[in-house]
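One structure is given here, and the rest of the page talks about it.
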Amino acid sequence: MRLLRGRVGDASPARKRAALASLCVAAVLVPLVVRDGYVIHLLNVLGIYVILSSGLNISVGLAGLLHLGYAGFYGLGAYCGAIISTRVVPGSWLGFWAGLPAAVAIGMLAGALVGAPSLRLRGHYFAIATLGFGEIVRSLMLNLTGLTQGPFGIKAIPSPKLLALDLGQGPRFYYLVAAFASLALYGIWNLQYGRFGRFWRAVREDETVAQVMGVDVFAAKMWALMISSALAAVAGWLYAHYVSYINPSNFTLDESILVLCMVILGGRGTFWGPIIGSALLVLFPELLRPIAELRLLVYGAALVVLMAVRPEGVVGAG
């Protein structure tokens, strides 16, 4: 009842403005403090994963849809952006920006195509259906050689530009990623603590009760999946132009599991959980580089201890 009627206490306008303002200020100041190019690179990767994990949190954490094919949507956005930049509008700064609406559209369309037949399923049956979609996308990447170059991938993807300004140099790409991550987080915050968020939580807790209270369960799930898929595609679009080379091995089940771990470790269903989970899985391994031979052992042990002490994630479950 409270999920459908009341506002979530955490969603007060003052807290919303303070949290997002803090993120923006921190993002602006980082390049002024950090001069190491490799650290900036890690923060670029972190920003992309924040978009990915926060998007997955909508379907997994808020709507309760266990998604194992998320890397498929990530790959669709990456290939869509790469193909437009290298073939449709080659040699122009417009290629990069034209890829954004195309990636959003293909992500939402793919989410709808996956959701239409599979959202009637529950639990692990839905998870298996999404796993199959991820493998189908990877198979298409491998076999549509005329479009995707198959296992060789797409290379020489141009860096993002705005007119004559190269956004791929120095901290400029960092600011680009930070801007898109901030916009994504702002939108997610409003969804999570607004009407959509209450509907998603109601569906996650008990679909039957939610339906009795007037929630269109299928529509709520479909919107969660489509928005989540669109965010994954945007992350893929950014990733392709950042690394300048992609191939099907970048978008495997391992990638889906990694993003899912970020959501679970941070705290599924919470706003801050995916952000913290992304930071843990992207930055913590780099802190262990001085102990190269024991790095993976210590990293794995730390994750086991974390899940034993905080089984609902660092932030807790939402």
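The values are calculated or read from the model by the stated rules, or taken from the named source; none is laboratory data. Remember, it's a predicted structure, so these values are computed and weren't measured experimentally. All Cβ positions, even for glycine, are placed from backbone atoms using ideal geometry, and neighbour counts span all protein chains on display.
Of note:
- Only one entry of L183, L162, L119 meets the criterion of being without any contact (Cβ under 8 Å) to a residue 12 or more places away in the chain and out of contact with any strand residue (DSSP E or B) (no Cβ under 7 Å at 6 or more places or on another chain), and that entry is L183.
- Test: residue in segment 144-156 that is in contact with a Phe, Trp or Tyr (Cβ under 9 Å, 6 or more places away or on another chain), surrounded by 14 or more Cβ atoms within 10 Å (Cβ to Cβ) and on the phi > 0 side of the Ramachandran plot: yes
A quick yes/no check of all residues on (1) within 17 Å of A21 (Cα to Cα); (2) surrounded by fewer than 21 Cβ atoms within 10 Å (Cβ to Cβ); (3) at pLDDT below 90:
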{"site": "R172", "(1), (2), (3)": "no, yes, yes"}
{"site": "F180", "(1), (2), (3)": "yes, yes, no"}
{"site": "L183", "(1), (2), (3)": "yes, yes, no"}
{"site": "Y186", "(1), (2), (3)": "yes, yes, yes"}
{"site": "R195", "(1), (2), (3)": "no, yes, yes"}
{"site": "Q211", "(1), (2), (3)": "no, yes, yes"}
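- When segment 12-34 is filtered for residues that are over 17 Å from A181 (Cα atoms) and at pLDDT 75 or above, the ones remaining, listed by number, are L32, V33, V34.
- Condition check for L100: in a helix (DSSP H, G or I) and either surrounded by 24 or more Cβ atoms within 10 Å (Cβ to Cβ) or touching a residue at least 40 places away in the same chain (Cβ under 8 Å) (or both): yes
- Residue within segment 116-126 that is buried (at least 16 other Cβ atoms within 10 Å of the Cβ), in contact with a helix residue (DSSP H, G or I) (Cβ under 8 Å, 6 or more places away or on another chain) and part of a helix (DSSP H, G or I) present: yes
- For segment 127-148, a residue qualifies if it is free of Cβ contacts under 8 Å to residues at least 60 places away in the same chain, in contact with a helix residue (DSSP H, G or I) (Cβ under 9 Å, 6 or more places away or on another chain) and either among the hydroxyl-bearing types (S, T, Y) or closer than 20 Å to V88 by Cα (or both), and the qualifying residues are S139, L140, L144, T145.
- Filter pass, H41 being modelled with pLDDT of 85 or more and outside any helix (DSSP H, G or I): no
- Answer residue from segment 157-188, given it is part of a helix (DSSP H, G or I) and not aliphatic (A, V, I, L, M) and is farthest from the chain's Cα centre (by Cα) among those: R172
- Failed item in (1) crowded, with 24+ Cβ neighbours inside 10 Å; (2) part of a helix (DSSP H, G or I), with R268 passing the rest: (2)
- Of all residues in segment 255-279, those being among the charged types (D, E, K, R) and modelled with pLDDT of 90 or more number 1.
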